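These notes concern the structure reproduced below.
The values are calculated or read from the model by the stated rules, or taken from the named source; none is laboratory data. Everything quoted here is computed from the prediction, not taken from an experiment. In this analysis, Cβ positions are derived from the backbone assuming ideal geometry, glycine residues included, and neighbour counts consider all displayed protein chains.
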Amino acid sequence: MLVGSGLLVVFLIVSVTAPWWAPHGVAETVDTPLMGMSWAHPFGTDVLGRDVFSRVVNGARDDLFLSIVSTLVAVVVGGIVGLVSGYVGGWLDELLMRVFEAVISIPLLVLALLAIAAAGPERSGSWLLLIGVVVLVYAPRVARMARSIAVDLVTRDFVLAARLRGESVRSIVRRELLPNATGVLLVEFGVRAGYTPILIGSLGFLGFGARPPSPEWGLMISENRDGLLAAPVIVLAPALSLAVLVIALNLCADGLARYLGRQAVRTP
């Protein structure tokens, strides 16, 4: 957890400060295309002659922000829906679980592409759409986990006492169920955050994520893949950055699960 947290702090510092110390702008053409590593351009130049180093460090903001925010929204939405469903039970619980199972049965990338296609080309590439896609993909998985916790907690004495006091569903979920589910939801957040950069990067690589000239790492890999043989570093730099971010998030998830005495279940 310490190693993962340290790496995330580095990513956070880079994402916040990069606009001030990056040598070039993300869309600035600075030299001949497909140049290799040099003192002037540590990661070379891409197919349009832009400085890859400047684009990679500026891209940390996009990937980190999108990963953390979209995962947080997915966990909040899925957690609340799952806890309410497990507590209320009955036909509402059955309906929600069947819908979630149907959504989960669709492969992640296929579901994400369907959601982007349904949103229309005018919204393609927007951050709100990408956050919504991540929520659609991961919220049902979090909801199932939260629902299983709620089903276990419903029979506990403190929940029965709250019912006898006449508390509302909202009050019981907020004051009784949520505090006891926080540990599991935190682990779920860590696990899902480890997968989210891969999903966002995959969408960018396929051309359905961020739009040019965004320095999002998946998009950078896609844009520069034709120059892989001429200058491998222009593809390896964003690819390795994405890999290190995923590793850092996974290390944090494993460490958090160990600290809370739980096991991180890695289901994509």
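Output the residue which, of all residues in region 49-94 that are among the aromatic types (Phe, Trp, Tyr) and closer than 18 Å to VAL151 by Cα, is nearest to the chain's Cα centre (by Cα).
Going residue by residue through region 49-94, those that are among the aromatic types (Phe, Trp, Tyr) are 53, 65, 87, 91.
Checking which are closer than 18 Å to VAL151 by Cα leaves us with 87, 91.
On the way: TYR87: 28, TRP91: 32 Å.
Out of the qualifying residues, it is TYR87.
Could you list, in sequence order, the residues of region 1-24 that are assigned to a loop (DSSP other than H, G, I, E, B) and either closer than 23 Å to ASP46 by Cα or of a type in the set (Phe, Trp, Tyr) (or both)?
Here is the first cut: in region 1-24, the residues assigned to a loop (DSSP other than H, G, I, E, B) are 1, 22-24.
If the condition is that a residue be assigned to a loop (DSSP other than H, G, I, E, B) and either closer than 23 Å to ASP46 by Cα or of a type in the set (Phe, Trp, Tyr) (or both), then ALA22, PRO23, HIS24 are the ones that fit.
Just wondering, is there one or more residues in region 50-67 that are out of contact with any helix residue (DSSP H, G or I) (no Cβ under 9 Å at 6 or more places or on another chain) and not aliphatic (A, V, I, L, M)? Yes, some residue in region 50-67 is out of contact with any helix residue (DSSP H, G or I) (no Cβ under 9 Å at 6 or more places or on another chain) and not aliphatic (A, V, I, L, M). Looking across region 109-160, not a single residue is within 18 Å of the chain's Cα centre (by Cα), within 15 Å of LEU83 (Cβ to Cβ) and polar (S, T, N, Q). If you take the residues in region 204-230 that are free of Cβ contacts under 8 Å to residues at least 24 places away in the same chain and buried (at least 17 other Cβ atoms within 10 Å of the Cβ), which one is nearest to VAL133 (Cα to Cα)? Here the residue is GLY204.
Matching residues to (1) within 20 Å of VAL10 (Cα to Cα); (2) under 23 Å from the mean Cα position of the chain (by Cα):
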position: ALA162; (1), (2): no, no
position: LEU178; (1), (2): no, yes
position: THR182; (1), (2): no, yes
position: GLY190; (1), (2): yes, yes
position: PRO197; (1), (2): yes, yes
position: PHE205; (1), (2): no, yes
position: VAL233; (1), (2): no, no
position: ALA239; (1), (2): yes, yes
position: ALA257; (1), (2): no, yes
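Just so you know, in region 25-69 the residues that are touching a Pro at 6+ places or on another chain (Cβ under 6 Å) and part of a helix (DSSP H, G or I) include one that is nearest to ILE131 (Cα to Cα), and it is SER67.
Checking the stated criteria, GLY201 turns out to be within 30 Å of ALA60 (Cα to Cα), modelled with pLDDT of 85 or more, over 9 Å from the mean Cα position of the chain (by Cα) and buried (at least 21 other Cβ atoms within 10 Å of the Cβ).
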